[in-house]
Structure formats: structure tokens, C-alpha cells
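These notes concern the structure reproduced below.
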Amino acid sequence: MISENIKEIRQEIEAACSRAGRSKEDITLIAVSKTKPVSMILEAHNEGIADFGENKVQELVDKYHELPKTIRWHMIGHLQRNKVKSIVDKVVMIHSVDSIRLAEQIDLEAGKINRVMDVLLEVNISGEESKYGFTADEALEAFEEIGRMPWICVKGLMTVAPFVENPEEVRIYFKKLHQLYIDMKCKNIDNVSMNALSMGMTGDYTVAIEEGATMIRVGSGIFGIRERK
Ligand SMILES: *Cc1c(COP(=O)(O)O)cnc(C)c1O
């Protein structure tokens, strides 16, 4: 089932890319494996998926130790400052930087291990109350401040769109995030490092690709629906 799902998603990615005049090599499919067992992750890894996303530190750390080191882990969930230390040596990217204080902590812990951490700034582009992330205005300011931190490299932006039935309804938010990303790239002297736009999940990743996503985070579309704990 997992292999068929992945095959289908890869076809959808390719179709969305061709509609948008983009190359499929420019899209990284991140398999969001939260709540799913290591056996399923291995199955996806055997299908050539290298990038996996988790939203909880303990679960990520446990899976990191159990699974092959060929896996590239992405932290995609809200991160508490006291837990930064446990993941700075394990993840390739933190997508969910939503405050200056969190960035400062990442800078501190990454510095201790002599590693520059790639991060994305999470933007609450729809302005939903329940969501983490900077507002668009805050993100521009935060970008300047975080961009100066020596052990952090801001690679781009991430958002979680509102949950809707029809993915066309969130196109506007993907467009907005893309525009903000362009605005930031213009501001940045060292703009070579800005190359990532993490947006799109199972229900809306094709729309996200049409609007410029370079990373899509797909969970249930690959592993099946998650059971509520
Ligand atoms: C769970 C999650 C996803 C994947 O959601 P699906 O709808 O299952 O594809 C993507 N991004 C974040 C931040 C998540 O927490």
C-alpha cells in the first residue's frame, strides 16, 4: 500500500510540476511519519524516500536511534526551547522556528556542536488563532534578526494552511507565502541560501507545488490516516 501511495504521489507531483512549468527535481517530498511505526518508515525508505518529518521531539529521537542513518529527519512541529538540545545533532532542518527566543536557543545549541543549523521560519499566513508562527510582518523583522545569528542559516519559510475540503481555498495562502518569500529574498544580501518553501500537505500539495513549494510534507497520503490517541 505504501509503495502504491508513493508512486501515485510522485505522479501527482510530476503532473503539478508540468502544469506549473517546473521541474520535479525541485520538489522534495517529505514523508510525515508521526504516530507511524518504524516498519512503515522503512518501507517508505526502501521506496527511495530519504526525507522524513516528525512533530514531536521524543518520537523523532526514538526513531532516529532505531532507523538507518541514511534517513534525513525534519522537525516540523512546534518546538520547545528546552528540547532543542536533543535534536540539533539529529535533524537536517527545523521547519518550525516561530519565535526569536527559539532561534536564539537553536543558535546556542548548534554552536556548542559546531554545526550551522538550517531552519525555516514558520509563518501563520492565514492568521488562524490556533496556529503557531510569525505574522508576515513579524517574519520580515525576525528574518533580519535571525539571519545575523552565526549558527543558524535561514533557508526559507514554512506554513500550515487551514484545513479545508477544497484545496483551491488555500491557494491564496500559498500565493501569499510565496510572495513573502520573494520579498525576503530581495532583502537578503546573502540570498543564495534562501531556497526553500515548505508548504502543502496530503490535501493540498498539488496546489502548493503550482504556487511554488519546494518541500511538501505528506503524511496520511503515504501512510494512511492517523488514529487519534
Ligand atoms: C501532520 C503534519 C503534516 C502532514 O499532514 P497530512 O495531512 O497527513 O499529510 C504536515 N505538516 C505538519 C506540520 C504536520 O504536523
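Among the residues of the stretch 86-94, some residue qualifies, meaning at least one is surrounded by fewer than 20 Cβ atoms within 10 Å (Cβ to Cβ) and of a type in the set (Gly, Ala, Ser).
Just one of the numbered conditions (1) surrounded by fewer than 15 Cβ atoms within 10 Å (Cβ to Cβ); (2) more than 16 Å from the ligand (Cβ to nearest atom); (3) more than 20 Å from Ile216 (Cβ to Cβ) is not true of Leu67: (1).
Tell me, please, whether a residue that is on the phi > 0 side of the Ramachandran plot, within 13 Å of the ligand (Cβ to nearest atom) and not polar (S, T, N, Q) can be found in the stretch 167-189. Checked the stretch 167-189: no residue is on the phi > 0 side of the Ramachandran plot, within 13 Å of the ligand (Cβ to nearest atom) and not polar (S, T, N, Q).
Taking the conditions (1) within 16 Å of the ligand (Cβ to nearest atom); (2) touching a Ser or Thr at 6+ places or on another chain (Cβ under 9 Å); (3) part of a strand (DSSP E or B) in turn, Asp118 satisfies each one other than (1). The set of residues from the stretch 163-181 being modelled with pLDDT of 95 or more and surrounded by fewer than 16 Cβ atoms within 10 Å (Cβ to Cβ) comprises Asn166, Glu168, Glu169, Ile172, Lys175, Gln179.
Of the strands (runs of 3 or more DSSP E) entirely within the stretch 13-96, those holding at least 1 residues that are of a type in the set (D, E, K, R) occupy 51-54, 72-75. Could you list, ordered by first residue, the pairs with Cβ atoms under 6 Å in which the first is in the stretch 210-229 and among the acidic types (Asp, Glu) and the second is buried (at least 21 other Cβ atoms within 10 Å of the Cβ) and not in a loop (DSSP other than H, G, I, E, B), at least 6 apart or interchain? Cβ pairs passing all conditions: Glu210/Ala16; Glu211/Phe174. Going through (1) more than 16 Å from the ligand (Cβ to nearest atom); (2) over 11 Å from Glu210 (Cα atoms); (3) buried (at least 18 other Cβ atoms within 10 Å of the Cβ) one by one, Ile2 falls short only on (1). Against the list (1) within 14 Å of the ligand (Cβ to nearest atom); (2) under 14 Å from Tyr205 (Cα atoms); (3) out of contact with any Lys or Arg (no Cβ under 9 Å at 6 or more places or on another chain), the condition Ile27 fails is (1).
The values are calculated or read from the model by the stated rules, or taken from the named source; none is laboratory data. Small disclaimer: the values here were computed from a predicted structure and weren't measured. Note: ideal-geometry Cβ built from the backbone for every residue, glycine included; neighbour counts use all protein chains shown.
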